Amino acid sequence: MNPILKVSLGIAKTKTFRGLFFLFLLYKSLFNAFTADLIVPELVSRFTLGRMEGNFRSFSLFFGIEIEDFRLYPGTPFENLPMVEAKRLSLRYNLPLLVFGKLRISEIGLTGGKIQIEESLGRWNFVSFLKQNKAETKEPVPEPKPPLTEIKTYLPLQASVYINLDAVEFQLKRDTGSLHFFSVQDLSLQTELETNRFTTIPLDLSVLNQIDHILLSLNASKPIPLDLDSTELRWKQTIPLSLRFEWDRTVSPEMFLFTTDIGKDDILLEVRKKPVQLGLRLLSDIHYDNQLDQVKLNQLDLRVLGQSWLSFSGSILDVSKEKPKVNISVEKSNMQLTVLQRSLDQLSGIIPEMKLSGDLSLEGTGIRGDWQNAEANLKLKANQLFLKIGKSKAHSIPSALIDIVSQLNFADTKPQTAEKPFPYINSIVMAPSHINYNGASLSFFGDYSEPKGLNFHLSVDKLQLGDYVSYLGGKLKMDADILAESFVSLSVQTNAKIDGFRYQLDRSRSPSSLLGLSLNAALLFDRPFGLSEIKISDLKLDQKTITGNKALELDLRGNVQLGSQLSATLTPLGLDVYTSNLLLVLPLVLKEKVSPLQNLLGNHPKLKLNARYSGSGNSKQIKADLGAELPGLELKDLKLVTDLSLSGNDTNEILIKTLKINAFGGIFNLGVSGNLKKTGKLKPPLGPYFGNLDLSFGLVSATKEYLAKGISFQGDLGLNLKIRDYDITGEFFSKVPVIAYNNQKCPGEQCQAYLLEDIIAKIPIQHNLARNVEDSLIVGDKSIFIKNYGRNQPANLTIGHVLGTHPSIPNLPFEYVKRQKEGPGLTASIEYKENYANIESLRSYSLDGLVLGKNMVFNLGNLDPKSMEFRGNFLIRDIDLKQLMAPKVRDKIDDGKLKADLNISVRDLSEPVANLDLFFSIFQIGRDFGKSALNVISPQNFIIDRITDSYTINKIDVSLSKGLVYADVYFNRSLLSLLVNLEDGKISQQRMPLANFLKRAQSEIQTYQE
């Protein structure tokens, strides 16, 4: 026997051989084409609702499967139409190679295939293919884990994959929704992928390092037919849709190729049954030449409607070397938007109305150089650009040119700093460029480099502010320069003018004016683009009327420090106001507020402010020193100094360390100190705060000094108050020898001059801020007051002498209050507590007589004029009315003595005349003045003259209520009264309007002055 045959028979008789041979026979009996034809369709039917048909050409566990005439049917109601069919379907791989660390998928193939997705009555065919899973119990939500960054294989593997799709058709049908039908035919795709060995698969871009060779080829041989049918759009056309991308790193040098032909110059659509012609195409041809070691851009062209909008050319040299060089630019760019508008016009009524025209070009834009030294430039040209969408604002750019060149270093890995916040940029040069937009022009140029720093200039002209800010108007012209050695500190210099400046406040719009602004400032940065401080060396703002007259001037210097601790300093702020001109440029809402202050401010008020603000967290500090000149008050030295601290998230506490006001050479002074707190209690008295304040006000002068507006002062007058929560307590005091006033028209016919002497006062004050609703103190009889009859309070207000111009006769002195030998001419006792002033024991010696006052109450309530009240009783005894007449008239009057009682009460001081109730009872009056009183009450005529001759006046009662006068004149009987008889011995006048009464009184007084 042959030895080899003998050995072979020996091996065959072993159990191992027989076991392996049995497994081989079992494997071949299970994994073969005949078995697959019987078992696989049965398994598909068992585990799905569909069925499968096909002829298996191979079926191997280790090497894959191949099926011909493959068809896959879904369940009802789609069981007669295959969901997927193919002439050939294959999945080939080689599992035994895993032993050598190789994962090889030889082919994933689909030839002559058709995939059809269909929806009917809201049900999809692929849903009908799958069996519904039973309701699964909800599993607990797993705890969140850190995101996965890579997949570990643990064994070193090398993968290769090949995918081949040829003549594949995809079809989508629906009977609901807007999309009815979509079909793509003759799709082809070839893909190859080979990797190097790996043990992990990164889930980021670094996975590209594991690829050795990749090929992607899509529809390389012929265009593909597209068919789309929807409610809005119908499109049926054959268009190129080819792409080839190949990158091979297994050869040296590497091989790279990228080509495309996607789209078409004439795309024919039907939109809402309207024919529309569009065009969009991308052509590219990029490949790597391993002989020249360069990537060549033979073609990279974006075309719209047959026009080359962007066409790139260039190359990348020395690709395999350490420093490859790039030279890519836009060779051709011609964006004719007017042509695009013609296509958009075809979509009228379908898309929003749009108007588009003009030309745009990026020709000359590009990049060249290597990774460490690259030059990039942008060149943008525009001509007669116009864009308007619907009824929105139109955008017109008649001309634009932008030319920027930059030197870049992409290898620069230094972190960004405040000195150099832009990454990779070594220098930038902006050639003179401009943009003309909607009538405005913008021009700029400049340069930046690390050695030279920054130099940038910007000019703006004819910019209409109203086009960008709704509440502003005017035409802006501005020049700005930015200079810097580095970006740590930028010097900004700006000059701007606005012609026809207007602004809107509420519903009121200001008249046109001229506004000028100049700024010289420095911007400091402590980190990239992190602004830390603004230093304003000089800021000037001036506003003029449209005719060029100055209205306002502002001059500002200071700085602002940003960050966690914000601070701002003004050193100083100066403001000059030309009041009469300012009123010409203010909107009506401000003019109504400033006009009443014109006399107070004067024609040229000035203000100068030094201030500092600092804030950190919930704490803020404010210090200010304000000086002002108010010509209207003849005030040249007003000075305010304050030091405030604010704390809390919602400014819960305000600490007033200092608040002082001085004026008139130190004669006037006001001081406030203390704090304001939010305590959470209801109805705080001072806005949202409760106060703990000390307030002092005073006028102090040892000699007689002129103050303002004709007022001169000598003495010590003041008010000291303490505010504790709801209570205000304090004292008004006066030790004033002289207060004088003249209207600065003396001497002369219009001279008005007054002199008050020896004003002594010490009046206690107690006010309750918690009292909101006041019961009336003037309703009812006198029993509501507690009286101490027989005991009068000592006077705490005295005025020695009051001398002034005669009330009706020019240049004639008149004693309003006459000093007495035993004391002053006016005394009174005043007590202010519980929000009302009680005035008693008033004695005033006037007109050679005496005026007494009692039961006087002035109720201030909650300080609202509507709640204020006054009542009082006055006794007029033996005053001589002849002193009110001219000297030449006095001798013609027989008796000027008058005795009367006067009662006054008024509620709601917001309208005092309408709410005044007055009763004036005259029980002694001379004949001449009595006749004049009768003439005021009743028109003069023959009967009144006879009555006056027949009767003497006994008493006159006049009352005023709600603006109407009621008068009764009572007469004494005489011998002539036998001829003329009066009913009830009086003449009455009812409901005479107050205006008529005053007019008659003025006319009657005039008769004494003629």
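Brief remarks on what is shown
- Scanning the range 29-44 for residues that are out of contact with any helix residue (DSSP H, G or I) (no Cβ under 9 Å at 6 or more places or on another chain) and surrounded by 14 or more Cβ atoms within 10 Å (Cβ to Cβ) yields Phe31, Asn32, Ala33, Ala36, Asp37, Val40, Pro41, Val44.
- Those residues of the range 677-699 which are among the small types (Gly, Ala, Ser) and at pLDDT 90 or above, in sequence order: Ser696, Gly698
- Selected residue [modelled with pLDDT under 85, surrounded by 14 or more Cβ atoms within 10 Å (Cβ to Cβ), over 30 Å from Pro147 (Cα atoms) and not aromatic (Phe, Trp, Tyr)] from Glu254, Glu270: Glu254
- On the stretch given as the range 240-278, residues that are charged (D, E, K, R) and part of a strand (DSSP E or B) total 9.
- One residue alone among Thr176, Thr199, Thr191 is over 54 Å from the mean Cα position of the chain (by Cα) and modelled with pLDDT under 90, and that residue is Thr199.
- Screening Lys388 on (1) surrounded by fewer than 17 Cβ atoms within 10 Å (Cβ to Cβ); (2) under 22 Å from Lys325 (Cβ atoms) shows it passes everything except condition (2).
- Taken residue by residue, the range 32-51 has at least one member that is part of a strand (DSSP E or B), in contact with a Phe, Trp or Tyr (Cβ under 8 Å, 6 or more places away or on another chain) and either modelled with pLDDT of 85 or more or β-branched (Val, Ile, Thr) (or both).
- When each of Asn549, Asn599 is tested for being farther than 26 Å from Ala418 by Cβ, among the polar types (S, T, N, Q) and modelled with pLDDT under 90, the lone residue that passes is Asn599.
- Among the residues of the range 464-508, the ones that are under 23 Å from Pro587 (Cα atoms) and of a type outside the set (Phe, Trp, Tyr) come to 22 in all.
- Residue within the range 317-326 that is more than 30 Å from Leu292 (Cα to Cα) and at pLDDT 90 or above present: no
- Any hit, the range 92-101, residues being part of a strand (DSSP E or B) and within 23 Å of Val168 (Cβ to Cβ): yes
- Filter result for Leu531 (in a strand (DSSP E or B) and more than 22 Å from the chain's Cα centre (by Cα)): no
Let's see how each residue does on (1) outside any strand (DSSP E or B); (2) among the charged types (D, E, K, R):
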site	(1), (2)
Leu575	no, no
Leu582	yes, no
Val594	yes, no
His604	yes, no
Tyr613	no, no
Lys620	no, yes
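- Failed item, numbered, when Leu982 is tested on (1) surrounded by 14 or more Cβ atoms within 10 Å (Cβ to Cβ); (2) under 15 Å from Ala933 (Cβ atoms); (3) modelled with pLDDT under 75: (2)
The values are calculated or read from the model by the stated rules, or taken from the named source; none is laboratory data. Here the structure is a predicted model, which means the values were calculated and not measured. Methodologically, a virtual Cβ is constructed for each residue, glycine included, from the backbone with ideal geometry; neighbour enumeration extends over all protein chains shown.
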